[in-house]
Every structure is written in C-alpha cells, then in structure tokens.
1. Which shape class, rounded, prolate or oblate, goes with segment 153-284 when its Cα gyration tensor gives a ≥ b ≥ c as root eigenvalues, a/c under 1.5 marks rounded, and past that a/b bigger than b/c marks prolate?
2. Long-range amide H contacts for residue 128: which residues qualify at under 5 Å (H placed 1.01 Å from N, peptide plane, sequence gap of 5 or more or a different chain)?
3. For residue 241, what residues show an amide H to amide H distance below 5 Å, using hydrogens built from the backbone and excluding near sequence neighbours?
4. Under the rule of at least 5 residues apart or a separate chain, name every residue whose amide H is placed under 5 Å from the amide H of residue 269.
5. If each residue of separation counts as 0.36 nm, what is the full-extension length gain between residue 216 and residue 318 once their alpha-carbon separation is subtracted?
6. At a Förster radius of 30 Å, what calculated FRET efficiency corresponds to the Cβ-Cβ distance of residue 356 and residue 389, to the nearest 0.05?
7. Which number do you get for Rg(Cα) / (2.2 N^0.38 Å) in segment 259-410?
8. Give me the one-decimal nm value for the distance between modelled label points at residue 406 and residue 345, 7 Å along each residue's Cα-to-Cβ direction.
Amino acid sequence: MGARAGALAWALAAALMRARGAQAVKSSLVRREASRPEARDRSFTLVSRLSDGELRIVMNDEQDRVAEEMQPWLKSAEPHMNVIKTRYLTFETDNGGFNNIRMAFEYFVDVARTSNRTLVLPPHEGLYLLDWGPRTARNRSDQGWIGTRTQTEYDDLWDLGDLRKKVPVLKAQDFYDDVLRPGGAPLVASPSLQINNQPDFSQWKYWLSKTADVALGNCGTVRHVAESSQAAVVHIPSRLWDSHGHMTSEREQRFLYCDHGNTDKEIHYQRHLYAIASGPIARMGLRNYTALHLRRNDFQYQQAPDTPSRIMEKIAETLKPKETVYVASDELDPEWWSQLRSALKAGGHELMTFDDFKPELLDRGLKEKFSGLVEMIICTAARSFWGSRQSTFTAGIQSLRKTLRESSGPWSVSEEEFGVTNKFAFLQFR
C-alpha cells in the first residue's frame with residue numbers, strides 16, 4: 001500500500017485521458033477499410049473500442065456470417081431500459097478467474113432486476129488470469145506469471161448494449177459523475193483513477209462501503225437487503241477495508257452458486273469476441289466438428305483421463321467419419337499431445353487446438369488476454385462437446401450452448417451425461 005501515493009500521482013496525470021475514455025460509450029463493431037466488394041473473399045476491418053485502446057479485427061464475409069449466426073439475439077429489437085435514478089446496486093468483482101467472475105456477475109444482474117435497481121458496473125481493474133496471475137499451476141519452477149500491467153472493464157467482455165434490454169446498467173464513471181461526485185465523493189474515488197487488481201483495496205470500494213447500504217451475508221440475505229432497503233445505493237462488497245487499505249475482516253463474500261434466474265441466457269459476450277472466434281469456426285465448419293475440454297492442469301479436481309486411448313474409448317462412437325476434433329486443454333506435455341494426435345489420426349480424425357489457429361488470430365487482431373473466452377466460443381460452435389465436470393470453463397461453454405438452444409434457427413441441443421468415473425459431461429447439437 002505504500003506505493004499508492006506515487007501510483008495516484010501517475011493516475012492523476014492521466015485522469016483527463018482516462019475519463020474521456022470512460023465516458024465514451026463503446027460502439028458496436030464498426031466496419032472499416034472495405035476492399036474488393038465484388039469478391040467473395042472480401043476482407044474488411046471491424047473496430048471496437050476497449051478500455052485500453054482500440055481493437056481492430058480483420059474479417060472476411062464467411063467469418064462475418066458465422067459470427068452473426070452465433071449471435072441470434074442481435075436480431076432482437078427490444079428497447080433499452082431506462083436508468084432508475086433513485087435506486088442503484090453496486091458490487092465488487094469476484095476474486096477468482098474469469099468464469100468465477102461470470103457466475104457472480106449473473107447473480108448481481110438478477111439481484112438488480114428483482115430489486116428494481118440500476119446495475120452499476122465496477123471500474124476497470126486488473127482481472128485474475130486475464131491481466132495478472134500465473135499462466136500455469138503445474139510448472140512450479142516457472143508459472144509464466146503475466147508480466148504486463150493491463151486492466152479490463154466489463155464492457156470489454158460483455159455486450160452491455162444487449163444487457164440493457166433486460167436491466168438498466170450504468171458504467172462506474174457515469175455513476176460517479178452523476179451521483180457520487182455531486183453527493184460529496186472525493187476525487188480519489190473517481191473510477192478513472194483506480195489502478196488496482198480486483199482483490200485489492202481501492203478508494204472506490206472504500207467510499208461505497210462507507211456511504212452505501214452494505215449487503216453482507218449469503219445469497220438470500222444479500223438479495224433481501226437489495227430488495228428491501230430504502231437506501232439509494234446498496235453495495236455488495238467482496239471484502240471490507242479501512243481508510244489505510246487494511247482488511248477489517250478476513251471474511252470474503254462470494255456468490256458463485258446463487259440462484260440467478262435466467263441471466264446466464266441473457267448475458268452475452270462482446271461481439272468482438274465472436275468476431276475473433278469466427279475464424280477457427282469457419283475453417284472447421286460451423287456445427288461440423290467435435291470439441292473437447294480436457295482439464296489436465298488443475299490439481300483441485302479430478303483430471304481428464306491420462307491416456308489418449310481412454311479418451312478415444314469415450315468419444316469414438318459419437319464421432320462422424322473424418323470429423324475434426326478440437327481440443328481445449330491446459331496440458332503441457334508435448335508427448336501427451338503427440339499421442340492424442342496419433343490416436344485421432346488412426347481413427348481418421350484431425351486434431352486441432354488453439355495453438356494451431358493462434359498465429360492467424362494474432363494477425364487478425366486477437367489480444368492475448370481474450371484467448372480463453374475466444375476458445376469457449378470455438379467450443380460452443382461445435383456439433384458436439386465433451387467437457388470436464390466441476391469445471392467453470394466447461395460450465396461456461398454449457399451456458400453458451402444453452403443460450404443457443406433457446407434461440408430460433410438450426411440450434412437445438414440434447415444433454416446426456418456419460419462416464420461418471422471419468423468426470424465427463426456430453427452435450428450434442430442435433
């Protein structure tokens with residue numbers, strides 16, 4: 001915490017630039033630089049504004065068609081809900097990785113809806129395993145710690161324009177400018193000046209904990225506070241702090257498995273993530289390959305089978321002749337990958353992984369920290385999907401596939417579980 005004064009000075013120097021960026025509403029992807037419009041492989045660039053700059057994605061017509069088919073909700077013409085100016089819900093990001101953040105976010109969205117409050121998003125923060133943290137848990141001598149210092153906002157990840165059709169949503173900076181600052185909040189609490197990682201102290205968190213009605217407890221208790229409180233602002237903290245940045249309690253609030261209504265079907269990833277994922281999907285063929293998530297680098301839970309032969313025993317009868325098999329896995333051993341590739345090849349199937357597409361994805365505009373989200377979308381577009389039970393990565397893919405099941409068009413899904421001893425779940429598009 002001793003370096004916070006110096007960091008704040010740096011942040012104040014950049015305040016005007018960041019505030020302007022925070023005020024800008026991120027537009028939908030915009031087409032630019034169209035070329036050869038008469039050609040079938042016409043290429044163009046989609047531009048999306050992020051909290052840390054601009055994302056430019058090179059696309060062609062086939063990729064554009066795939067991205068559109070993967071997002072049937074974009075055809076909805078529902079209007080945005082109006083901000084409820086007398087009732088607000090603020091919250092702090094879950095302290096886990098992205099899929100833990102997603103699960104908690106689904107709960108916060110539902111609480112905002114049932115309590116008739118405007119949902120206020122957290123400021124930009126460094127998110128675990130996206131902006132900071134180890135790249136692997138297995139290699140203890142070199143965990144590949146993320147060395148860059150980046151921050152992420154919720155609308156870098158989720159399509160807030162679409163979410164606003166279901167609940168009223170405000171960005172933190174807009175809430176600060178319109179509500180907190182006129183109510184006496186200090187400059188140091190401005191979202192544009194926060195430079196913390198998600199688990200850490202910030203002046204934004206501290207100010208809300210001292211001025212809002214703080215909701216503490218389990219899922220039901222916190223929801224009841226938000227629904228029954230007469231306070232203009234209800235705040236759901238992860239931890240509580242004193243003014244010096246010291247935790248006042250070791251207790252950490254988490255909301256991963258709370259009832260969240262149908263929000264998992266209503267919260268959609270940003271369009272630029274689908275645009276990036278459309279490249280591998282188009283190459284393998286939409287609904288034309290099988291995808292597997294094989295957890296191999298998480299000692300907290302049982303892993304996928306050790307030998308490729310055991311994996312093939314489980315999936316062989318479900319594969320179509322010469323069908324491509326896409327595998328998402330954190331396995332590091334090249335020999336394991338070689339054996340799996342050989343086993344699939346012997347059955348007439350080609351193995352594809354994220355690394356096979358990564359050079360092309362980087363050329364098209366992929367930011368490294370979005371790789372995991374893009375891979376989830378790639379798995380979602382498969383004809384059939386095998387995943388690891390008790391995995392939030394698998395759960396995220398299941399949620400995406402269920403969303404497509406609820407849509408009209410060629411998407412429908414049946415669910416069945418296989419191989420309890422191997423901790424596999426199986427989902428297949430018909």
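The values are calculated or read from the model by the stated rules, or taken from the named source; none is laboratory data. Values in this document were obtained by computation on a predicted structure and should not be read as measured data. Heads up, the Cβs are rebuilt from the backbone with ideal geometry, glycines too, and the neighbour counts pull from every protein chain shown. Please note that ligands, DNA and RNA were not included when accessible areas were found on the heavy atoms of the full protein model with its side chains. Shrake-Rupley method; radii C 1.70, N 1.55, O 1.52, S 1.80 Å.
1. Details: a/c = 1.80, a/b = 1.54, b/c = 1.17.
It comes out prolate by the Cα gyration axes.
2. Here 198 satisfy the definition.
3. Here the answer is 248, since their amide H atoms fall under 5 Å of that of residue 241.
4. Under 5 Å from the amide H of residue 269: 159.
5. Using 0.36 nm per residue and subtracting the Cα-Cα distance, I get 32.0 nm.
6. Details: r = 26 Å, r/R0 = 0.88.
Rounded to the nearest 0.05, the efficiency is 0.70.
7. Details: Rg = 15.4 Å, N = 152, 2.2 N^0.38 = 14.8 Å.
Ratio of Cα Rg to 2.2 N^0.38 Å: 1.04.
8. 4.3 nm
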